[in-house]
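I have placed the structure first, in the form of structure tokens, so that the comments after it can refer back to it.
The values are calculated or read from the model by the stated rules, or taken from the named source; none is laboratory data. Since the structure is predicted, the reported quantities are computational estimates derived from the model, not experimental observations. Cβ placement follows ideal geometry from the backbone for every residue including glycine, while neighbour counts extend to all protein chains displayed. Ligands, DNA and RNA are stripped out before the accessible areas are found, and what is left, the full protein with its side chains, is counted by its heavy atoms. Shrake-Rupley method; radii C 1.70, N 1.55, O 1.52, S 1.80 Å.
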Amino acid sequence: MKTLSAEEKMMAAIGHLAVFLPVIGVIVPAIVWLTQNEKSSQLKAQSLQALVHQVLQAIIFIVLYILSMGLYFLSLVPMAIAGPTESLSPTVVLFFIGLIAMFTCFGLIMISSLYFEIAGIIAFIQILRGKENFHYPLAGRWVAARMSSVE
């Protein structure tokens, strides 16, 4: 297994650090993976891991966001049908349960984003330090296993 050159390390590290760019974060490792896969299998593996890591982050974000908005709007339906009331009626309780569920989903979005960004920083540092066989905790070994079965 050949080690990465300084230029290839920098490309792999930038692919991992792109986790901080909301939309472009998925594009950067995809470009590295598509354009540099003939040069180095290590660079290909690292950019594919970064791509899968960031796609997974985007999927989790989208699912939780849709779930939070759906729960919130679902909680508004009884209020819209029954109208506002002053007492602690079931419609008001359902509304507040919807709000709590929405904020819980937003909290999960924040926690998962923090995890993905910290993992991206760790990958960035590890690649620059020369640990070229870095694997993400969630999807890294799965990607490495798929790549080894393809090669």
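List of remarks:
- What a 1.4 Å probe finds exposed on segment 1-79 is 78% carbon and sulfur by accessible area, rounded to a whole percent.
- Once C-alpha pairs closer than 8 Å and six or more residues apart are averaged by separation and normalised to the residue number of the chain, the relative contact order reads 31 percent.
- Computed [θ] at 222 nm, helices only, for the chain once each DSSP H run of length n ≥ 4 contributes -39500 (n - 2.57): -27500 deg cm²/dmol
- Selected from Ala80, Ala139, Ala123 as most flexible by GNM, with the chain as the system and alpha-carbon contacts under 10 Å: Ala80
- The heavy atoms of Trp33 offer some 70 square angstrom of accessible surface to a 1.4 angstrom probe.
- Residue-normalised accessible area of segment 53-131, given per residue in Å² at a 1.4 Å probe: 63
- Under the simplified labelling scheme, the Met110-Phe20 pair shows an inter-label distance of 2.0 nm, with each label point 7 Å from Cα along Cα→Cβ.
- Axial C-alpha extent at least 30 Å, average Kyte-Doolittle at least 1.6 - helices from the chain (DSSP): 90-129
- The Cα center of segment 108-129 and the Cα center of segment 48-75 differ in position by 17 Å.
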